2 protein chains.
Amino acid sequence: MNLLAFDIGGANLKAADGWGFAASEPFPLWQRPAELPAALREIIARAPSAEKIAVTMTGELADCFETKAEGVAHIIEAVCQAAGRRPVLVYLTDGSLVPPEVACRQPLLAAAANWHVLASFAGRYCASGSALLVDVGSTTTDIVPLVDGRVAAQGKNDPERLAAGELVYTGVVRSPVCAVVDALPWRKQQVPVAAELFATTRDAYLLLGDLAEDPTDCQTADGRPATKSAARDRLARMICADRDLFSQEDALAAATAVARGQLSQLGLAARNVLRRLPEVPGTIVISGQGEFLARQLCQRLQVPAQFVSLAEELGATVSQAAAAHALAVIAGERT
Amino acid sequence: MNLLAFDIGGANLKAADGWGFAASEPFPLWQRPAELPAALREIIARAPSAEKIAVTMTGELADCFETKAEGVAHIIEAVCQAAGRRPVLVYLTDGSLVPPEVACRQPLLAAAANWHVLASFAGRYCASGSALLVDVGSTTTDIVPLVDGRVAAQGKNDPERLAAGELVYTGVVRSPVCAVVDALPWRKQQVPVAAELFATTRDAYLLLGDLAEDPTDCQTADGRPATKSAARDRLARMICADRDLFSQEDALAAATAVARGQLSQLGLAARNVLRRLPEVPGTIVISGQGEFLARQLCQRLQVPAQFVSLAEELGATVSQAAAAHALAVIAGERT
């Protein structure tokens, strides 16, 4: 039976059918919660025809919702509206798939469940022994321990996962630079940065060549294009400078400092997770827009594990919507 | 001759006439640069009639402008439009007041000059010996050394001032919590915070009672009111929790941690500035919406100085627009 799975975040919508179709698009849920059903309908219309809809989410944390329960209810309602007469299944963090009314009675199990479905799927690449999923996304990173192919996480909800190092709320696109570093190098000094959303990690990785330029994409801190030149302007502003005071070399040094800062945040969390594993992981599954950073992280940790790249396994398009793909595969097998 | 002085920031417009009139209002310059002349005209219309306009700024750093020079030119042009036939004077960081065309030829002297005019004015309260101005605003803090009543700053532009500790880009209202602390306490653990603009320092000071609640004011991270209850929701989101997972005690503990984090950022900068003073300052002039924090900072530094509070000297309304008032007084004396 054909099925379409959604992964609904606070800033992006992802969808996949488990057979090669995938869609990933920016959608600022926190600004336009009422437009969610229409946005989902639009994706359903261009996806292969589906008789069932499955959903997982993180978008319930968006600050248009006063509580997670309200967010979960809103998102499920939007999916049901978009699904029309198709049955809807909601993924819970206990691994079950339940109808909307059941999920709404247990909102904290439906909340932020997408890491769990992706980790369950990743477990297929490491059926025995200890392993790790390192999924570095645009906004957050999941570092999930796997034992014998099963999720062996300690945290049951988001705050617990943050405390355990299994969720690190930092990513390679949207994270404000002021949340990653305290200071940036400039003219042989360390200059404390502005506590302002002037630049994001995307600017650093644009300049370092880890993320590709896209002059048509203006999902940036200042609404200007995702180019190296505009990224330099944005990083300059982090120390209250502009391009006249901030050379290309200054920009590259700043970008390197941001990448290092993010690596050390991730390293702290990963060591926390590794410490609890029964043995050194034999496999590390890496995933997400920030696979390049996941790779650097694992090299830094000096774990002699085999790498499995979901971008290589699934292809670039599907891997960008990896949690939706994982949900489509898992839900498809069960129905 | 009656004069009206403007202090044009990236998020707030301030105006004063030096004789007791003052206005302070939020204006998101970075979102609406084209509306600046109209906003200024509206303030001119309700201020006592003025024959001259003076201006200082920090708004040239707003990211609607590609460079500071572009920002300075835009702001000066907007002031000239609003001023109509009235002459306009622009304050430069060398202490001079010049016509618009002269300022536009030296944009880096007109850029971010408001700290200098306020510090010059503060010098009147400490005519001899070493002194300090500590102006804690909504967004930034100035820690300016004064010697014999004159500005004795090391930094000449914003990046230099940041490096010298004379400018700290952190304030008591708008600063993202993720730029102030790495983690918040929760259920006897330290939980790393979300790199997301979910809450600002204002939420911490609302909860601690340092800033007053205002249910009609929605200039907050989530656009909900500036109340203790909504502030608790916002702080909860910083560790991906919500009010169901985050008690009032959790909120107060988090708020205390944010205040401590900000105090230690300011302490680092202030010690940097104090080290360069020829002697322990005899007077500390405190100012801005965050006078309460400036006071705590100075107590922490254990400097046995005499305090001068501009809120007490000028009254609450005028002191909220202290740099505009300072400019009005200084420009008024010279013309």
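The values are calculated or read from the model by the stated rules, or taken from the named source; none is laboratory data. Since the structure is predicted, the reported quantities are computational estimates derived from the model, not experimental observations. So basically every Cβ, Gly included, is an ideal-geometry build from the backbone, and we count neighbours across all protein chains shown. The area values use the complete protein model at the heavy-atom level, side chains included, leaving out ligands, DNA and RNA. Shrake-Rupley method; radii C 1.70, N 1.55, O 1.52, S 1.80 Å.
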Of all residues in region A:305-322 being of a type in the set (A, V, I, L, M) and part of a loop (DSSP other than H, G, I, E, B), the one that is farthest from A:A127 (Cα to Cα): A:A321
Regarding A:A127, is this residue free of Cβ contacts under 8 Å to residues at least 24 places away in the same chain and either away from chain B (no Cβ under 14 Å) or not charged (D, E, K, R) (or both)? yes
Boolean, B:A47 is closer than 28 Å to A:C240 by Cα and either at pLDDT 95 or above or open to solvent by 20 Å² or more (accessible area, probe 1.4 Å) (or both): no
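Listed here are the residues, each with its yes/no results for (1) open to solvent by less than 20 Å² (accessible area, probe 1.4 Å); (2) closer than 24 Å to B:L293 by Cα; (3) small (G, A, S).
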| site | (1), (2), (3) |
| --- | --- |
| B:A69 | no, no, yes |
| B:V72 | yes, no, no |
| B:Q81 | no, no, no |
| B:R124 | no, yes, no |
| B:G137 | yes, yes, yes |
| B:A164 | yes, yes, yes |
Within region B:136-237, strands (runs of 3 or more DSSP E) holding 2 or more residues that are over 29 Å from B:A322 (Cα atoms) and within 11 Å of chain A (Cβ to nearest Cβ): B:183-186, B:189-192
Tally time: how many residues in region A:151-162 are acidic (D, E) and either within 19 Å of A:G123 (Cβ to Cβ) or open to solvent by less than 20 Å² (accessible area, probe 1.4 Å) (or both)? 1
Could you look through region A:177-194, keep only residues that are open to solvent by 10 Å² or more (accessible area, probe 1.4 Å) and within 24 Å of the chain's Cα centre (by Cα), and pick out the one that is nearest to A:G10 (Cα to Cα)? A:A179
Might you check whether a residue that is in contact (Cβ under 8 Å) with a residue 60 or more places away in the chain and either open to solvent by 60 Å² or more (accessible area, probe 1.4 Å) or charged (D, E, K, R) (or both) occurs anywhere in region B:287-303? yes
Considering region B:139-150 alone, what residues qualify as being open to solvent by less than 30 Å² (accessible area, probe 1.4 Å) and acidic (D, E)? B:D142
Restricting region B:255-270 to residues that are out of contact with any helix residue (DSSP H, G or I) (no Cβ under 7 Å at 6 or more places or on another chain) and within 14 Å of chain A (Cβ to nearest Cβ), the one most open to solvent (accessible area, probe 1.4 Å) turns out to be B:L268
For residues that are within 8 Å of another protein chain (Cβ to nearest Cβ) and either within 27 Å of B:A11 (Cα to Cα) or at pLDDT below 95 (or both), tally how many sit in region B:240-254. 1
Taking the options A:P87, A:P100, name whichever one is touching a strand residue (DSSP E or B) at 6+ places or on another chain (Cβ under 9 Å) and open to solvent by 30 Å² or more (accessible area, probe 1.4 Å). A:P87
